[in-house]
Amino acid sequence: MQPMEARLPLNDAASYQRLHHFITHSPWSAAPVWTRLRAQVPVRRGTLLVDETSFPKYGTQSVAVARQYCGALGKIANCQVAVSTAVLTDDRTWPTTLELYLPKEWAQDAARRTRAGIPRTVRFREKWRIALTHIRQVRAAGIQIDAVLADAAYGNVHAFRTAVDRMGLHYGVGVTMRLAVTVTGGRRHHQIGRIIKRLPTAAWRRVCWAQGTKGPMAARFVALRVRPTNRTECWLLCERPLIGHGERKAYLLNLPASATVKALVRVARGRWPIEQQYRELKDELGLDHFEGRSFRGWTHHAVLAALTYTFLQQERRRGTKPMPTLPAVRNWIREIVAMLFLLERPKWLNLLVSFMRNPPLRI
């Protein structure tokens, strides 16, 4: 809040106190703001990206902080975790939901709930249940979802996949190698990792799904029709790197049986833009800089960060060119002053031209 307040016209103690109160204690609700924000998404059709992001913490007083898997650190650590969704349209992501995950130890501790100001209506829910609620909220906003994409934390949950399928939506979700499925035509369940090891080398096909900053993004894939349960059939997409023995990945997709391997790959590998969104929200807009401890303050901070990100995406979509930075303006001024100085002194200008044409020899 301090760098925000420093840019206000009256950056004194009173204005800082008002800003602090507005974010941390003011009784306005974040839910209507999220509803209005979803209504502002300019393109009303796209892919819904489901993911979670974490915020490392050192203390124990911040709302919903606990020892849990922290994606920012890649290990179990003391952190907060939030479940979110974003709509991917025209190579741009638009934040649509962001909800703080409340661990069981917080949900069952009345004293901690009171100190953090957690409403009674907020109870413990698994992350995949939170994600399903978010999907329904996005659909209620009138946004048409082409597919739901999520990682293995959600893809491994049969109930999550079933619920998305019953909504009439396509999904492409990551799964672990330990998940057991039955290859169509077979009789027994086998772990996906074991199925991949049995695939012949000739079955793998190179597919490029995007162009990255370092060249084409490609890997080798195999697609099989499988049954995670006796009643459902879907695609199992297996991935391995082009060279070496790197990490192998697997995805389940409920696209039609007529879908091509390239179409499956484009869906399964389409989740990466949400990582860029998280990076911009944290590095540029301070999503992970909130130091308050209350539930209300966190929800206010999160929706204001999403609101700001949406504004920036709107400006990018309009093609608005950013104003030049102060260092760039300073360099322009230096060049102009230097040129005026040389024009007023023809001898110096001639000397400079002569030097450029016949530079001195280097020894």
* Any chance V207 is touching a Leu at 6+ places or on another chain (Cβ under 6 Å) and either open to solvent by less than 40 Å² (accessible area, probe 1.4 Å) or of a type in the set (S, T, N, Q) (or both) -> no
So, first residue at pLDDT below 95 in the range 188-214, second residue open to solvent by less than 40 Å² (accessible area, probe 1.4 Å) and not hydrophobic (A, V, I, L, M, F, W, C), Cβ within less than 6 Å, six or more apart or across chains; the pairs are H189/T182
Within the range 58-76, residues being within 20 Å of the chain's Cα centre (by Cα) and part of a loop (DSSP other than H, G, I, E, B) number 4
Q. Do we find a residue being free of Cβ contacts under 8 Å to residues at least 40 places away in the same chain, part of a loop (DSSP other than H, G, I, E, B) and touching a Leu at 6+ places or on another chain (Cβ under 8 Å) anywhere in the range 4-13?
A. yes
Here, strands (runs of 3 or more DSSP E) confined to the range 106-218 with at least 3 residues that are over 21 Å from the mean Cα position of the chain (by Cα) are 180-183, 205-212
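In the list T85, T96, T89, which residue meets the criterion of being under 30 Å from W209 (Cα atoms) and touching a Gly at 6+ places or on another chain (Cβ under 8 Å)?
Numbers: T85 fails: touching a Gly at 6+ places or on another chain (Cβ under 8 Å); T96 fails: touching a Gly at 6+ places or on another chain (Cβ under 8 Å).
Answer to the check: T89.
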The residue that is surrounded by the most Cβ atoms within 10 Å (Cβ to Cβ), considering only those in the range 47-64 that are among the aliphatic types (A, V, I, L, M) and either at pLDDT below 95 or in contact with a Phe, Trp or Tyr (Cβ under 8 Å, 6 or more places away or on another chain) (or both), is V50
Residue pairs qualifying under the 7 Å Cβ cut-off, at least six apart or on distinct chains, with the first in the range 31-46 being under 16 Å from Q314 (Cβ atoms) and open to solvent by 30 Å² or more (accessible area, probe 1.4 Å) and the second being at pLDDT 95 or above and of a type in the set (G, A, S), are A39/A141; R44/G142
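Could you pull out the residue among R266, R293, R231 that is open to solvent by 50 Å² or more (accessible area, probe 1.4 Å) and part of a helix (DSSP H, G or I)? Break it down stepwise before answering.
Values: R293 fails: part of a helix (DSSP H, G or I); R231 fails: part of a helix (DSSP H, G or I).
Result of the check over R266, R293, R231: R266.
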For the range 69-121, the count of residues that are open to solvent by less than 20 Å² (accessible area, probe 1.4 Å) and under 17 Å from W272 (Cα atoms) equals 10
Flagged in the range 317-363 as within 30 Å of D90 (Cβ to Cβ), modelled with pLDDT of 75 or more and surrounded by 11 or more Cβ atoms within 10 Å (Cβ to Cβ), in numbering order, are R317
- Quick one: would you say R161 is touching a helix residue (DSSP H, G or I) at 6+ places or on another chain (Cβ under 8 Å), of a type in the set (K, R) and modelled with pLDDT of 95 or more? yes
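Which one is nearest to R269 (Cα to Cα) among residues in the range 134-150 that are of a type outside the set (G, A, S) and open to solvent by 40 Å² or more (accessible area, probe 1.4 Å)?
The initial filter retains those residues of the range 134-150 that are of a type outside the set (G, A, S), namely 134-139, 143-146, 148-149.
With open to solvent by 40 Å² or more (accessible area, probe 1.4 Å) added as a condition, the list becomes 136-137, 139, 144, 146.
Values: R136: 23, Q137: 24, R139: 23, Q144: 20, D146: 15 Å.
Once the filter is applied, the top-ranked residue is D146.
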Of (1) of a type outside the set (A, V, I, L, M, F, W, C); (2) outside any helix (DSSP H, G or I); (3) touching a helix residue (DSSP H, G or I) at 6+ places or on another chain (Cβ under 6 Å); (4) at pLDDT 95 or above, P256 satisfies every one except (3)
Reported set for the range 75-95 where residues are in contact (Cβ under 8 Å) with a residue 60 or more places away in the chain and among the β-branched types (V, I, T) is T93
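The values are calculated or read from the model by the stated rules, or taken from the named source; none is laboratory data. Since this is a predicted model, take the numbers as computed values, not measurements. When we count neighbours, we look across all protein chains shown, and the Cβ atoms used for this are built from the backbone with ideal geometry, even at glycine. Accessible surface areas use protein heavy atoms only, side chains included; no ligands, DNA or RNA. Shrake-Rupley method; radii C 1.70, N 1.55, O 1.52, S 1.80 Å.
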